[in-house]
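Heads up: the structure comes next, in structure tokens.
Coordinate-derived values only; no laboratory data. These numbers were taken from a predicted model, which means no experiment stands behind them. Ideal geometry is used to build each Cβ from the backbone, glycine not excepted, and the neighbour counts take in all protein chains shown.
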């Protein structure tokens with residue numbers, strides 16, 4: 001099954017990076033076939049028999065042993081897979097493959113109507129999926145959220161997001177009241193794409209992404225794809241007049257890639273244990289490198305001289321303080337992937353709110369642009385000028401990823417607690433970053449998180465590493481401390 005999924009990963013990566021537009025229909029058939037083959041194996045009655053035998057054996061006596069973890073996760077996957085027919089799995093895969101093509105075209109045209117028929121099909125299938133999985137005493141959205149974040153419910157997320165929203169709004173008000181105003185125009189001059197490409201690759205390599213086991217390409221939407229052991233693929237996108245987009249996008253995806261490269265290998269490869277814990281933990285690794293390291297003063301004390309050497313006409317006369325304030329500018333904006341650390345989570349909360357309504361039936365796909373724009377104006381005080389600035393900006397719904405978005409903010413929360421733990425364990429983290437000793441950081445992350453694979457689920461892993469239950473408070477403390485210093489309050 002793992003090899004078949006790997007084949008699917010290659011096809012998915014190729015679809016976003018290389019495939020010509022007219023290949024979409026055939027590609028949809030290919031990925032549908034693979035999804036069906038995987039489903040056949042995942043639901044084989046013999047697998048159920050083997051699991052029952054293993055669950056009654058001494059191999060699961062120690063719940064933290066490799067064998068017990070593999071049995072636990074295989075049971076979860078088997079029970080979930082056997083709820084679906086092959087026909088449903090193939091149809092969902094086919095529709096999502098074609099939906100991605102339609103999304104790319106709609107985004108380029110800035111026309112939601114071009115994507116609407118596919119979104120209607122996807123939402124209908126995801127509603128059916130939630131019913132098939134079941135959600136007990138919860139809500140339909142729980143079934144989809146659990147796909148990406150096992151053991152976390154809509155109620156859990158609401159319990160974290162509601163106080164976090166209040167704290168973020170207050171922090172945003174304090175920042176907007178500051179006399180300090182970043183000069184972001186210094187990041188919007190001339191940054192030749194060939195130089196950006198080489199500098200982004202250099203930055204990813206410095207923090208520990210192994211290019212002998214990975215690559216960096218371009219795509220409409222940045223992503224990381226793990227094809228298999230020794231093959232992790234990153235993508236980013238470049239803008240001649242905007243340095244932060246590609247640079248921080250690359251750091252973000254490299255964080256994902258380093259996590260994938262650090263998961264258990266050897267005999268464990270291909271087993272459930274050798275996979276990432278969840279998307280929240282995955283996002284914690286990408287956001288940790290992008291924001292907690294990549295937007296820190298210590299990082300740019302090390303990297304700015306190198307950036308000046310690569311872009312002398314654009315950055316040669318820019319001071320560290322000026323640059324640091326610019327890359328940490330806080331301002332309500334339309335595009336999630338380019339949002340600052342403070343407003344980013346408000347983008348996620350908007351999507352979380354709409355997704356719940358889409359799955360419950362309270363919101364229909366045709367009404368998404370109107371409701372999106374109204375809620376965006378409510379939350380950010382600005383209104384998207386077109387659908388590409390609004391509801392078409394993200395690829396997630398086109399591939400059926402409803403339930404995915406909350407994991408981004410969960411990742412920020414996890415990253416804040418991991419940041420506190422690494423400061424506790426390594427001492428002077430700023431000094432380590434200032435010296436460019438990134439291997440020390442990567443080694444700590446590998447020792448505490450990566451090498452354990454799926455041994456512990458998100459909330460348990462965070463508590464094991466940090467000593468505290470997962471909470472929004474460490475993230476708020478980090479943001480208030482950092483931006484209070486930058487903006488002088």
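Full extension of the chain between residue 377 and residue 460 yields a length gain of 26.2 nm, computed as 0.36 nm times the residue separation minus the alpha carbon distance. Name the shape class, rounded, prolate or oblate, that the alpha-carbon gyration tensor gives for the range 154-487, where a ≥ b ≥ c are the square roots of its eigenvalues, rounded holds for a/c under 1.5, and otherwise prolate holds if a/b is larger than b/c and oblate otherwise. Taking the square roots of the gyration eigenvalues as a ≥ b ≥ c, the range 154-487 is rounded.
The slack between residue 426 and residue 206, meaning 0.36 nm per residue of separation minus the straight C-alpha distance, is 77.3 nm. Take every DSSP beta bridge whose two residues both sit in the chain; close to 45 percent of them are antiparallel.
Helix 193-206 axis versus longest C-alpha principal axis of the chain: approximately 70°, rounded to the nearest ten.
Taking Cα atoms only, the orientation of helix 406-426 departs from the longest principal axis of the chain by about 60 degrees.
Is the range 340-453 best put as rounded, prolate or oblate by its Cα gyration tensor, with a ≥ b ≥ c the root eigenvalues, rounded for a/c under 1.5, and otherwise prolate when a/b is larger than b/c, oblate when not?
Details: a/c = 3.18, a/b = 2.26, b/c = 1.41.
Prolate, since a/c reaches 1.5 and a/b exceeds b/c.
How high is the FRET efficiency from residue 193 to residue 169, r the C-beta distance, R0 35 Å, rounded to 0.05?
Efficiency for this residue pair is about 0.40.
Each part gets one Cα centre, and for the range 404-424 versus the range 192-264 those centres are 20 Å apart. Its DSSP H runs of at least 4 residues, each contributing -39,500 (n - 2.57), put the calculated 222 nm mean residue ellipticity of the chain at -20000 deg cm²/dmol, to the nearest 500.
Every Cα-Cα pair in the range 151-268 was counted, and those over 23 Å apart are 53% of them.
The range 261-384 has equivalent-ellipsoid semi-axes of 33, 28, 10 Å, by the square roots of 5 times the alpha carbon gyration tensor eigenvalues, sorted largest first. Approximating the spin labels as points 7 Å out from Cα along Cα→Cβ, the residue 85-to-residue 41 distance works out to 2.4 nm.
Sort the range 2-138 into rounded, prolate or oblate with this rule: let a ≥ b ≥ c be the square roots of the eigenvalues of the Cα gyration tensor; rounded if a/c is under 1.5, and if a/c is not under 1.5, prolate when a/b is larger than b/c, oblate otherwise. Because a/c hits 1.5 or more and a/b exceeds b/c, the range 2-138 counts as prolate.
For the range 200-320, the convex hull spanned by the alpha carbon atoms encloses 103 Å³ per residue.
In this simple spin-label approximation, residue 50 and residue 267 carry label points 7 Å from Cα along the Cα→Cβ vector, and these lie 1.7 nm apart.
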